[in-house]
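*Asks:* Below you will find the structure I want to go over with you.
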Amino acid sequence: MPVPFQIVVFALIAAFVLFQLYNVLGRKVGRQPGDEAKAAPIPSTPEAAAQRPTITDAATLAAVADLKARDPAFDPQRFLDGARTAYESIVRSYAAGDRAALKPLLTPSVLESFEAGITARETRGETETVEFLHPPRADIETATAEGDKAIAKVRFLAELRSRIAPDGGGEPQVEERRTAEHWTFQRTLGAADPNWVLARVEPASA
């Protein structure tokens, strides 16, 4: 294959990856914080945390039961608590460009996409910080076992404030947004390491 054609192909692939990453990590959904009829914030009080969403959908309950049959230690609520913590950590680490923090939390393919986004931001000479305006909401969408893998998809709703600043100084760009995403986590059944890793990220409906 001639070298010029390879360069074009690689450039197209890189552009596609960055476009997908922007859609997933930066997509706005629903009413935004500046809208006139702002949606009620996700509660952050201990009392509200105690009333966090539970699984009531019959299909999801059946899927969780199927996974528990293969992985008896699977606890849906404990998993959701861990998934929510992982979500916040990954979003903050991506914004900070912390590749070391991201590596143990992502599959190689997802890490590659995230690193491409981080590199693009560094090339533009920008730094970013992210703040969660309220604790994100997490709900299990599906849970199953495929081969030797336990797989669970979680729908996250979050309100974020991002601050992007040029490295050389200047006025930072501040934006508040609401996001809805599906994150798919996986782990190897029977493995000594009980931790889940992020295997896929997709936009979700609000």
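The values are calculated or read from the model by the stated rules, or taken from the named source; none is laboratory data. Quick caveat, the model's predicted, so the values are computed rather than measured. Virtual Cβ from ideal backbone geometry, glycine too; neighbours counted across all protein chains shown. These area figures cover heavy atoms from the full protein model, side chains too; ligands, DNA and RNA do not enter into them. Shrake-Rupley method; radii C 1.70, N 1.55, O 1.52, S 1.80 Å.
*Asks:* Please go through (1) over 14 Å from PHE74 (Cα atoms); (2) aliphatic (A, V, I, L, M); (3) surrounded by fewer than 13 Cβ atoms within 10 Å (Cβ to Cβ) for ILE164 and return the number of the only condition it doesn't satisfy.
*Replies:* Here ILE164 meets the rest and fails (3).
*Asks:* Find the residue count for region 127-148, including only residues that are in a strand (DSSP E or B) and either more than 15 Å from ARG178 (Cβ to Cβ) or small (Gly, Ala, Ser) (or both).
*Replies:* Within region 127-148, the first condition is being in a strand (DSSP E or B), and the residues that meet it are 127-132, 137-146.
Now narrow it down to the ones that are either more than 15 Å from ARG178 (Cβ to Cβ) or small (Gly, Ala, Ser) (or both): 127-129, 138-146.
Within region 127-148, residues that are in a strand (DSSP E or B) and either more than 15 Å from ARG178 (Cβ to Cβ) or small (Gly, Ala, Ser) (or both) number 12.
*Asks:* What are the residues in region 112-132 that are touching a residue at least 40 places away in the same chain (Cβ under 8 Å) and either among the hydroxyl-bearing types (Ser, Thr, Tyr) or under 15 Å from ARG84 (Cβ atoms) (or both), if any?
*Replies:* Result: SER113, THR127, PHE132.
*Asks:* Given the criterion open to solvent by 60 Å² or more (accessible area, probe 1.4 Å) and in a strand (DSSP E or B), identify the matching residue among ARG200, ARG187.
*Replies:* Numbers: ARG187 fails: open to solvent by 60 Å² or more (accessible area, probe 1.4 Å).
Only one candidate qualifies: ARG200.
*Asks:* To continue, here is another question. Output the residues belonging to region 65-88 that are open to solvent by 50 Å² or more (accessible area, probe 1.4 Å) and within 11 Å of the chain's Cα centre (by Cα).
*Replies:* THR85, the sole residue that qualifies.
*Asks:* Now a separate question. For region 26-46, does any single residue satisfy the condition of being modelled with pLDDT of 90 or more, within 16 Å of the chain's Cα centre (by Cα) and either open to solvent by less than 50 Å² (accessible area, probe 1.4 Å) or farther than 20 Å from PHE156 by Cβ (or both)? Can you show your working first?
*Replies:* Of all residues in region 26-46, those modelled with pLDDT of 90 or more come to none.
Within region 26-46, none of the residues are modelled with pLDDT of 90 or more, within 16 Å of the chain's Cα centre (by Cα) and either open to solvent by less than 50 Å² (accessible area, probe 1.4 Å) or farther than 20 Å from PHE156 by Cβ (or both).
*Asks:* Read through the list (1) modelled with pLDDT of 95 or more; (2) outside any helix (DSSP H, G or I); (3) farther than 22 Å from ARG155 by Cα, then give the number of the only condition that PRO72 fails.
*Replies:* (1) is the only condition that PRO72 fails.
*Asks:* Now for a different question. Let me spell it out: the conditions are (1) open to solvent by less than 40 Å² (accessible area, probe 1.4 Å); (2) not in a strand (DSSP E or B), and GLY170 meets all of them except one. Which number is the exception?
*Replies:* Here GLY170 meets the rest and fails (1).
*Asks:* Still on this structure, I have one more. Without any contact (Cβ under 8 Å) to a residue 24 or more places away in the chain, open to solvent by less than 70 Å² (accessible area, probe 1.4 Å) and not hydrophobic (A, V, I, L, M, F, W, C) - does that describe any residue in region 145-153? Steps first, answer last, please.
*Replies:* Kept after step one, since they are without any contact (Cβ under 8 Å) to a residue 24 or more places away in the chain, are these residues of region 145-153: 146-147.
Now restrict to residues that are open to solvent by less than 70 Å² (accessible area, probe 1.4 Å): 147.
Next cut, not hydrophobic (A, V, I, L, M, F, W, C) only: 147.
Yes - at least one qualifying residue is present in region 145-153.
*Asks:* Here is a follow-up. Is it the case that region 103-122 has a residue that's part of a strand (DSSP E or B) and closer than 29 Å to ASP57 by Cα?
*Replies:* Restricting attention to region 103-122, the residues satisfying the condition of being part of a strand (DSSP E or B) are 106.
This time we only want the ones that are closer than 29 Å to ASP57 by Cα, so: 106.
Scanning region 103-122, I find at least one residue that is part of a strand (DSSP E or B) and closer than 29 Å to ASP57 by Cα, so the answer is yes.
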